[in-house]
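Let me begin by presenting the structure, written as C-alpha cells, before commenting on it.
No value in this document is a laboratory result; all are computed from the given coordinates. As the structure is a prediction and not an experimental result, all values here were calculated from the model. We place every Cβ from the backbone using ideal geometry, glycine too, and count neighbours over all the protein chains shown.
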Amino acid sequence: MNVAADGRRYLVLHGDEYDQVTTLHRWVSVLGDVSYGMLIHLNRGLSWLRRRLGISGHWSLADYAKRNVLRAVSFISDFERAVAHTARQRGLDGVICGHIHTPALRRIDGITYINCGDWVDSCTAVVEHMDGRMELVRWEPGARTTVDEIGRVVRLHAAGL
C-alpha cells in the first residue's frame, strides 16, 4: 500500500493475479506473448520505414492492435473493474497497477484507478506530486503531456518532469 502526500491510500500491485487468461488458460497467455513479440519485431521495421519517410513521433503496432481488438477492450474493462473492486473492499481510495500495459488514470465506482502503462508501447509512467496529486505522464519526442485525474490531457514543460 502507498499513502500519498495528501493521505489517500492506494493498493499497489502488478495485477497479474486478476488476469483470468494467465491464471486459467496458460496456452492463451503463451500465444499472446508470442504474438506480442512478433508485433514488436514488426514494429522495428515499421519504425525504420516511418523514419525514412520523414514521419515523426512514436507509434507502436502492438499498442495499436491492443487498442483496436474488441476482445482486448472487454478484457481491459473487466480487469480494471476487478482491481478497483478489490481496492474498494479493502477500504482504500485507489489502486496503482500495471500488467495489461494500458495507461489509465480515472475513477471507477468511486475508486481512483491508475495503470502506469509501460515504456515500450505507451511510453507512460505515473508521477505523484508533492501535494499527493497523481498524474499519468506520456513521453513523446519533442512534447510532454500528462493526463490528470479527470482524463484531461495537459501539456507539460520539460522542467515539470
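Annotations for the structure displayed:
- Remark: spin-label model distance M1-A65 equals 4.0 nm, labels positioned 7 Å along the Cα→Cβ axis.
- For the peptides 53-60, 3-10, residues were scored by their other Cβ atoms within 10 Å and the scores averaged per peptide; the highest-first order is 3-10, 53-60.
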